[in-house]
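What follows is a single structure, written as structure tokens, with notes after it.
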Amino acid sequence: MSQLDQIMTSEAVAIESRPASVMTRVLAMLIDYLFYGLVVILVFVAASPLLENLNQAQGTTLIVIATASIMVIIPTAVETFTRGRSLGKLVTGTRVVRDDGGPISFRHAITRWSVAPIELFISFGMVAFIVAMLSPRSKRLGDLLAGTYVARIRGVEEYEYPLLMPPELAAWAENADMRSLPDKVSMYARKYLARTSTLSPETRQRLALLLAAELEKYVQPAPPQGTHPERFIAAVLVERRDREYKAALAKRESEASELAALAARAR
């Protein structure tokens, strides 16, 4: 994976989201544990014929396993396989992400839930609630240890504003040699320009410089000295769009002429 892929992947969620509130997190967690508890109960009911012959030690072991499953094992597995989603988070439109906005892995999930027995169950959720209330991103203790937070990903709209050629770069772009851009690079650049208003100044500047450096590989000569990277990105995208549109029109006209010529010969 290139540096561009790594940066854009890690920023993708952060661009589109904001930290979820404490009460939203509480609601999601209640939904999750009601669901996990129901699953465990159904499993016990289905397996009840096999459980009747268990002795006391075996029954105690089974209860411990069931409790650990509800507290740690099931939530960890769900968040690992869904990359930070769960039933409660689907309902509330949230997702667990890394501090840099990227998707979580098994390491993050197991770290988050390894402290759940203490902060959620033994303390009846008071530790998690107090820590989340004091955290700028509503993080509970598990999030602080794992380097994660719960982000809102619903209700964030992305507007594709029309791309316009910066006037000061029009002459340069018209005469520049621009190769076709890889689809991924073009997509990253368009999404970046559509979301600049949602980015922090540091992230916006970092991504602008990275994307401009990537686009410069496909453009000769370089833009005029002192060109702002965002205006350079816009100029390249607009010029490539216009050139591709003109090429498509020319191809269509050529094909129409060929069809007309063939039709005339057939007569």
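The values are calculated or read from the model by the stated rules, or taken from the named source; none is laboratory data. Source: prediction; values computed, not measured. Cβ coordinates were reconstructed from backbone atoms using ideal geometry, including for glycine residues, and neighbour counts include every protein chain displayed.
Here are the numbers for the structure shown:
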{"quantity": "Checking A128 against (1) modelled with pLDDT of 90 or more; (2) buried (at least 18 other Cβ atoms within 10 Å of the Cβ); (3) assigned by TED's automatic domain parsing to the domain that holds E79, the condition it does not meet", "calculated": "(1)"}
{"quantity": "Checklist (1) surrounded by fewer than 18 Cβ atoms within 10 Å (Cβ to Cβ); (2) under 28 Å from I41 (Cα atoms) applied to G88, failing item", "calculated": "(1)"}
{"quantity": "Some residue of region 93-100 being at pLDDT 80 or above, surrounded by 12 or more Cβ atoms within 10 Å (Cβ to Cβ), touching a strand residue (DSSP E or B) at 6+ places or on another chain (Cβ under 7 Å) and of a type in the set (D, E, K, R)", "calculated": "yes"}
{"quantity": "Looking only at region 172-190, and only at residues there that are in contact with a Phe, Trp or Tyr (Cβ under 9 Å, 6 or more places away or on another chain) and part of a loop (DSSP other than H, G, I, E, B), the one that is surrounded by the most Cβ atoms within 10 Å (Cβ to Cβ)", "calculated": "L181"}
{"quantity": "G88 at pLDDT 90 or above and out of contact with any Lys or Arg (no Cβ under 6 Å at 6 or more places or on another chain)", "calculated": "yes"}
{"quantity": "Which listed residue, of L215, L193, is within 23 Å of A247 (Cβ to Cβ), modelled with pLDDT of 90 or more, surrounded by 12 or more Cβ atoms within 10 Å (Cβ to Cβ) and under 26 Å from the mean Cα position of the chain (by Cα)", "calculated": "L215"}
{"quantity": "Hits in region 216-235 (condition: closer than 18 Å to L163 by Cα and in contact with a Ser or Thr (Cβ under 9 Å, 6 or more places away or on another chain))", "calculated": "E230, A235"}
